[in-house]
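Written below as structure tokens is the structure these notes are about.
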Amino acid sequence: MKEKSIAQVSLEGKLVNADFATSSGPAGAIRSFDGKIYWASGNQIQSKGDRGVRSEGLIPSDLGAVTDIAIGKKGEIYVGTSSGALVRLTGDKAVTLQKGAPVTGLFLLLDTLYVLRQRFLQGVSLYPETASKTSPVALCEKYCSGLEHTSNGKWLTANGSKILEVSEKGNSRTLYQGDPKALLGRAAYAYQMEPANDFFVVPFPAEGVIRAFRVNAVSK
């Protein structure tokens with residue numbers, strides 16, 4: 001299978017390193033933690049830090065395709081799949097923690113892992129793992145994809161050709177409305193020193209470009 005390059009781009013949009021890392025397999029979610037970059041390449045989870053690229057483990061194909069990843073404070077990796085499995089990957093061992101509707105987004109906030117299953121978001125306390133869960137909140141009408149958290153405590157997700165900002169109570173506003181026929185890639189959120197300068201980044205696969213938009217994080 002032909003290898004693909006992972007590029008490093010500055011917050012100003014300038015290409016820093018066109019070949020930060022190479023990978024094979026379908027492109028997947030990317031996360032950073034403790035000076036390392038983690039990504040999904042097909043069902044393989046990989047990382048790059050001071051010691052170069054390494055494999056963090058493989059998600060069995062019978063659990064579905066990898067849809068998102070999150071990194072715990074102890075370095076454990078949480079993976080969501082298209083079959084609805086929530087998997088913890090530690091030391092190359094995959095353990096299924098939950099099953100349900102397809103996982104379309106993951107985000108770790110403090111000690112809580114937020115799991116997006118199509119349109120419903122639920123928080124699961126990880127430390128200890130037996131702690132209670134929050135009540136599910138609907139982020140969109142039908143299907144949300146990707147999950148980020150903004151400086152003003154709201155959620156960022158994609159709904160079709162829209163990028164939505166949603167409060168904890170489910171109130172939303174549209175941050176970006178694209179062509180209904182155009183497929184949006186997974187959005188990312190960039191924090192700045194001044195929250196008013198925060199922005200989100202959206203890939204446009206059909207055009208082969210990535211665009212950034214101000215989120216105006218201090219607005220209500």
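Figures for the structure shown
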| item | result |
| --- | --- |
| Sole residue being at pLDDT below 90 and exposed (fewer than 14 other Cβ atoms within 10 Å of the Cβ), chosen from 203, 180, 195 | 180 |
| Any pair with Cβ under 9 angstrom, 6 or more apart, that starts in region 1-23 at a residue that is under 18 Å from residue 201 (Cβ atoms) and ends at one that is among the charged types (D, E, K, R) and modelled with pLDDT of 80 or more | 6/48; 20/48 |
| Qualifying residue in region 57-66 (condition: under 23 Å from residue 205 (Cβ atoms), in a strand (DSSP E or B) and without any contact (Cβ under 8 Å) to a residue 40 or more places away in the chain) | yes |
| Index of the failed condition, residue 95 passing every other in (1) surrounded by fewer than 15 Cβ atoms within 10 Å (Cβ to Cβ); (2) within 23 Å of residue 150 (Cα to Cα); (3) β-branched (Val, Ile, Thr) | (2) |
| Residue in region 73-85 that is surrounded by fewer than 17 Cβ atoms within 10 Å (Cβ to Cβ), over 19 Å from the mean Cα position of the chain (by Cα) and at positive phi present | no |
| Answer residue from region 174-220, given it is touching a Ser or Thr at 6+ places or on another chain (Cβ under 9 Å) and of a type in the set (Ser, Thr, Tyr) and is farthest from residue 30 (Cα to Cα) among those | 176 |
| Strands (runs of 3 or more DSSP E) lying entirely in region 159-210 (those with 1 or more residues that are in contact with a Lys or Arg (Cβ under 8 Å, 6 or more places away or on another chain)) | 162-166, 172-177, 199-204 |
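The values are calculated or read from the model by the stated rules, or taken from the named source; none is laboratory data. These numbers were taken from a predicted model, which means no experiment stands behind them. Ideal geometry is used to build each Cβ from the backbone, glycine not excepted, and the neighbour counts take in all protein chains shown.
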